[in-house]
There are 2 protein chains.
Amino acid sequence: MPKHNADNVPTLEDVARRANVSTATVSRCLNKPDSVREGTRLRVEQAISDLGYTPNFGARALASNRTGTIGIIIPTMDNAIFAQGIQAMEEALSEQNITLLVATSGYSPEREMLKIRALVSRGVDSLALIGFDRPDTAYKFLSSRSVPFVILWNYSASSPYPCIGFDNHRAAGMIAQRVMDFGHRDIAMIAGRRAGNDRATQRVKGVENALSGQGLTLMAGGPIESGYSLDEGEAACMKLMSGPKRPTAIICGNDVLAAGVMRGVRQMGLEVPEDISIVGFDDIDLASALNPALTTVRTPHRLMGQAAAKMLLSLSELDKADTRLCFDTKLVNRGSLASVKT
Amino acid sequence: MPKHNADNVPTLEDVARRANVSTATVSRCLNKPDSVREGTRLRVEQAISDLGYTPNFGARALASNRTGTIGIIIPTMDNAIFAQGIQAMEEALSEQNITLLVATSGYSPEREMLKIRALVSRGVDSLALIGFDRPDTAYKFLSSRSVPFVILWNYSASSPYPCIGFDNHRAAGMIAQRVMDFGHRDIAMIAGRRAGNDRATQRVKGVENALSGQGLTLMAGGPIESGYSLDEGEAACMKLMSGPKRPTAIICGNDVLAAGVMRGVRQMGLEVPEDISIVGFDDIDLASALNPALTTVRTPHRLMGQAAAKMLLSLSELDKADTRLCFDTKLVNRGSLASVKT
DNA sequence: ATTTATAATGCAAGCGCTTACATTGATTGT
DNA sequence: ACAATCAATGTAAGCGCTTGCATTATAAAT
């Protein structure tokens, strides 16, 4: 197997020789600079920059059993939902010189398990996962390896695991209530796939629960499930609207779906919100760019990312008792929801 | 320094002992399974799964000087532009069991350099970078470390480096031409920041060049530069539209900017495309969700990602001569560009 | 059977770093 | 001036894996 690396890559030893110290001292300069005298440190730093030395990550990980790496596994990058959270997390972590490794599972539990193994084998010091819903084997593996982790994007007061999120059930209930406040009674829902996705599941339940408070149920007998892309949202919309009775409002499981639905509705020659109201969930940038702008629920992406960074940095030291954070969500009223025509 | 890892993590040696073979054989089972007899292999695999063994990444990297990792540094995740390309790249790579490490630079050359060092020190086998425009020190470092790399999102026939992209200059010219074909003469441009960003620079040049072919120049004396967010796009729009004379068409450096501009224009009570035409660049999903849908240039995100994966996997073996790929772009006609009112 | 070629396995030397422990040098109190 | 203390540095033993080379088992050829 050919190695492409030049064989002149400087090592700790080269630095040590040039600075006339032992490798231990160089190592200390890198890891706890306070413990070495200033004169020595300067000499070492000079040697490092002369040589263009970069520590070998593998060697460091092997020797210290730490990697300065935190992993996160998200369903997909191909959707802005998680991007902001990750961006915020990355910023917070790189201040502490920690690298964030991002992997994607494509909403598949098997692939998620694979990625968990991959990241653990890469020695991530801790891990962030989206949602609670996954096979027990995943939790067992994590525990057998003693890898601290935190669940994001959902919150449960009774969670045995650290989590940072918001109440999907409640937030979905809020927006459903708002829709009903506008006089809608014929309400449909287009949701993400619920299998292995507690957020999607809880949003549906939140909506159904709110409706039943008014003696209503979802049209079409329940939510239409759809993948999270514009096209799939549009397709789901077409399917829904070809049914016997059309809803006056569609609640969407997220904003991307809502954008797809709006496109579909428009293609049928209908106007939003005059002919039909549409609401989303997440309040990604897209929501405000639509025309009409989307009424939706703002979820605390950046806050979750920052909090996750903070928690993961200290997770190994913390007691698990106080590692659950629930953020607020907020209704964002824009133009895509209007009173039902009478 | 406390290690949080359980001390029972199984190692290669544990597997070897349990399967009654040497560590060398276990290693071979993992790396070139064909070279070990089936019976032995089965025994080893059994031991591996009994123990729940996962290879230690650091040790492997250290011993083999390979990591099975490819890095990519993009300006930001907080924008769908690169997401699709990365997603495609990730898919192609994980088929080969290669991990993609994604880092972000925030459009800052210094931060990019930092990330390059970080990724190289993590032992990436090769690297993908966006655009050519960066300090020479970065190229020097990469070459001193013999890390193969490929430039994405841009193409230059005379590039000394492997690259996979498209002709930003030409594509921008095409859409400018189209705008002029619709009778527009008062054309403005809102572009991304050009410093250290060759794509933005070339798009501006492409537009200016096309305009000058008709004896025109950009209004406001040149492009308005703006950060790549909806809000910043909207702000740039406001600035532009408060000038003495309003354009009849605005060419935007990318779709996000265009969406921001559309929002701004609408806020001023103007209609797109009746009062003003807007065109974008990239054809991200967002573009088709806008109302009116955005006329823009489709760039080959997924293709670039796939091609990059393929090239990076073979880069160390290839001759650099045939490692330049130029993809086509395509005008996408939608509703945001219309004939100028006479 | 015996030799010869070949496939399968084992042996053991590192890869570049960290860190417990030993050593040396500087500082303080008496 | 000398012991006691503490800070700074050095010594060297691994961390868990890969891999060149040596060794042994197996197959093929005589």
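The values are calculated or read from the model by the stated rules, or taken from the named source; none is laboratory data. Nothing here was measured: the structure is a model prediction, and the numbers come from that model. When we count neighbours, we look across all protein chains shown, and the Cβ atoms used for this are built from the backbone with ideal geometry, even at glycine. The accessibility values were calculated without ligands, DNA or RNA, using every heavy atom of the protein model including side chains. Shrake-Rupley method; radii C 1.70, N 1.55, O 1.52, S 1.80 Å.
Residues of the stretch A:117-138 that are closer than 28 Å to B:Lys115 by Cα and more than 10 Å from every other protein chain (Cβ to nearest Cβ): A:Leu127, A:Ala128, A:Leu129, A:Ile130. Look at (1) within 17 Å of B:Phe57 (Cβ to Cβ); (2) without any contact (Cβ under 8 Å) to a residue 40 or more places away in the chain and you find that B:Glu110 fails only one, number (1). Considering B:Ala307, B:Ala293, B:Ala259, B:Ala338, the condition of being under 23 Å from B:Met174 (Cβ atoms) and assigned by TED's automatic domain parsing to the domain that holds B:Thr99 is satisfied by B:Ala307 alone.
Residue-by-condition table, conditions (1) within 26 Å of B:Gly269 (Cα to Cα); (2) not aliphatic (A, V, I, L, M):
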{"site": "A:Gly260", "(1), (2)": "yes, yes"}
{"site": "A:Val265", "(1), (2)": "yes, no"}
{"site": "A:Leu315", "(1), (2)": "no, no"}
{"site": "A:Asp328", "(1), (2)": "no, yes"}
{"site": "A:Gly335", "(1), (2)": "yes, yes"}
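The residues listed here are B:Ile86, B:Ile81; of these, the one that is modelled with pLDDT of 90 or more and assigned by TED's automatic domain parsing to the domain that holds B:Ala128 is B:Ile86. Checked against (1) within 10 Å of chain A (Cβ to nearest Cβ); (2) more than 9 Å from DNA strand C (Cβ to nearest atom); (3) open to solvent by 30 Å² or more (accessible area, probe 1.4 Å), B:Ala59 passes all but a single condition, namely (2). Please report, ordered by residue number, the helices (runs of 4 or more DSSP H) entirely within the stretch B:1-96 with at least 1 residues that are over 31 Å from the mean Cα position of the chain (by Cα) and within 8 Å of DNA strand D (Cβ to nearest atom). Hits in the stretch B:1-96: B:12-19, B:23-31, B:57-64. Only a single item in (1) within 14 Å of chain A (Cβ to nearest Cβ); (2) more than 27 Å from A:Ser229 (Cα to Cα); (3) at pLDDT 95 or above is not met by B:Gln267, and it is number (3). Among the residues making up the stretch B:220-254, those that are assigned to a loop (DSSP other than H, G, I, E, B), on the phi < 0 side of the Ramachandran plot and surrounded by fewer than 24 Cβ atoms within 10 Å (Cβ to Cβ) are B:Gly227, B:Tyr228, B:Ser229, B:Ser242, B:Gly243, B:Pro244, B:Lys245, B:Arg246, B:Pro247, B:Thr248. Of everything listed in (1) within 24 Å of A:Gly253 (Cβ to Cβ); (2) at pLDDT below 95; (3) not hydroxyl-bearing (Ser, Thr, Tyr), the single unmet condition for A:Asp181 is (2).
Looking at the stretch A:99-217, the strands (runs of 3 or more DSSP E) lying wholly inside it that each contain 1 or more residues that are of a type outside the set (A, V, I, L, M), open to solvent by less than 40 Å² (accessible area, probe 1.4 Å) and over 30 Å from B:Ala92 (Cα atoms) sit at A:163-166.
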